Amino acid sequence: MMETAGEPSKAEFSARINELERKLKEKSSEAQACAEKGKTASLFEFSEKGLRLKLYRFLLKKYSDLLNEKEKKTIGEVKALIDGSDLTIQSIVSEFKSDSYEFDKDYLDAAKKAFDFVKKEISYVKADLDIDFFMSPLEVMTEKIADDEDKAIFLCSMLYGLGDESASVVIAEMDDLTTHGFVVLEYDEKAYFLDSTQNHDFGEFSGKTEVVLKKYSFSGHKIRKLLYKFNHFEYKSFIEEE
């Protein structure tokens with residue numbers, strides 16, 4: 001592969017990794033010394049695991065521009081993330097559908113099972129990195145972890161697989177200026193805000209949309225404004241409407 005100007009060669013990159021690994025081992029020895037002296041307050045920070053995490057965070061931050069460029073998606077590609085026909089999604093959804101499944105009669109019960117599945121089986125991890133990335137359904141199921149947006153995409157794909165073509169992933173700005181993703185489905189003139197990063201009941205954030213917008217919260221923070229929403233058929237930015 002041709003190397004572009006300003007990018008490290010493979011040899012340089014390897015040398016940097018080796019140097020960082022050497023420092024990691026030195027810090028690990030320091031951690032052991034701290035432990036022997038009873039200084040445990042920052043033991044994890046100086047443990048090998050803690051140092052590896054610090055190393056990986058450094059590398060991700062250093063090459064975040066390259067990663068973000070690679071992960072850029074068009075609006076069409078973002079909409080395509082909601083894929084009810086994905087084999088991983090279909091294999092899970094099939095467990096919630098009987099042979100006599102009818103959308104009008106059985107959907108809400110199946111949607112509840114899908115929500116409970118994602119909430120319990122996929123652990124929420126706050127990435128806390130300046131990197132935009134998306135995990136495939138197979139990656140989510142293999143690793144059993146995802147951030148809020150990937151969990152929302154996974155759940156929304158399951159709802160689409162159950163026959164709901166209007167359920168959407170919604171990204172909101174919270175009152176602490178962070179962003180957070182969840183799913184909104186509408187059924188029988190009632191809106192359900194489903195946040196699988198939280199251990200809330202299926203109907204806890206449900207009712208008229210304007211009422212649920214005020215009621216919903218995440219980590220003690222309310223919605224400041226909606227940013228955008230998308231599903232397989234639609235991408236809508238609320239920022240353009242301001």
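The values are calculated or read from the model by the stated rules, or taken from the named source; none is laboratory data. Predicted model only: the values in this text are computed from it and were never measured. Virtual Cβ from ideal backbone geometry, glycine too; neighbours counted across all protein chains shown.
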- Query: If you go through the range 123-138 one residue at a time, do you hit one that is modelled with pLDDT of 95 or more and part of a helix (DSSP H, G or I)?
  - Reply: yes
- Query: Pick from Val93, Val184: which is in contact (Cβ under 8 Å) with a residue 40 or more places away in the chain, in the same structural domain as Leu226 (by TED's automatic domain parsing) and under 25 Å from His221 (Cα atoms)?
  - Reply: Val184
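Return yes or no: is Lys225 loosely packed, with under 14 Cβ neighbours inside 10 Å, modelled with pLDDT of 95 or more and in a strand (DSSP E or B)? Please lay out each step first, then the result.
Details: loosely packed, with under 14 Cβ neighbours inside 10 Å: yes; modelled with pLDDT of 95 or more: yes; in a strand (DSSP E or B): yes.
Yes; evaluated as a whole, the condition is true for this residue.
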- Determine whether the range 172-182 contains at least one residue that is within 16 Å of the chain's Cα centre (by Cα), within 21 Å of Ala80 (Cβ to Cβ), of a type in the set (A, V, I, L, M, F, W, C) and surrounded by fewer than 23 Cβ atoms within 10 Å (Cβ to Cβ). no
